[in-house]
Amino acid sequence: MLKKYLKMSKLDINPAEPLWQRIPKRTDDGQYLNDFMMVIPGLSKKPEQIIEKQIVCLHNILSHYQQFIVFAEFNPRLNVLWVSMKPVQGLIMEIASAIKQYIPEAALIGHQGPEY
């Protein structure tokens, strides 16, 4: 059942080659993308039911912002979520807050974007 949530059109949360080789750096019109990373401590050690519930939750939240998200990946070994998105002021905090609301242990550990 988990597999159906792990592949999404623009949102791929299965790791493959190194992240730095896969993440886009610019939009189609040349703007730099904003990036952020969140960690969900201990997720991989939780029961399968909990993991599935939280993966579905991530999928639903990220799908809500699909028009802005260019790339998203959850690495289950590291419990790290990486998101690259179009530069929209305040959107990183909005998405991170939405994730934290449903997954309280999730923590924003890094973000990068242009100065506004």
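Things worth noting here:
- Residue satisfying all of: in the stretch 97-116; touching a strand residue (DSSP E or B) at 6+ places or on another chain (Cβ under 8 Å) and exposed (fewer than 13 other Cβ atoms within 10 Å of the Cβ); modelled with the lowest pLDDT among these: 114
- Condition check for residue 9: modelled with pLDDT under 85 and either of a type in the set (S, T, N, Q) or assigned to a helix (DSSP H, G or I) (or both): yes
- Those strands (runs of 3 or more DSSP E) of the stretch 35-116 in which at least 2 residues are under 11 Å from the mean Cα position of the chain (by Cα) and more than 16 Å from residue 25 (Cα to Cα), considering only elements entirely within it, cover 69-75, 80-85.
- Candidates are the residues of the stretch 15-44 that are closer than 15 Å to residue 103 by Cβ and out of contact with any Ser or Thr (no Cβ under 9 Å at 6 or more places or on another chain); the one that is modelled with the lowest pLDDT is 44.
- Cross-chain or 6+ apart pairs with Cβ under 8 Å, the stretch 16-40 first and acidic (Asp, Glu), then part of a loop (DSSP other than H, G, I, E, B) and modelled with pLDDT under 80: 35/113
The values are calculated or read from the model by the stated rules, or taken from the named source; none is laboratory data. In this text, all values refer to a predicted model and were calculated from it rather than measured experimentally. Reconstructed Cβ throughout: ideal geometry from the backbone, glycine too, with neighbour counts over all protein chains shown.
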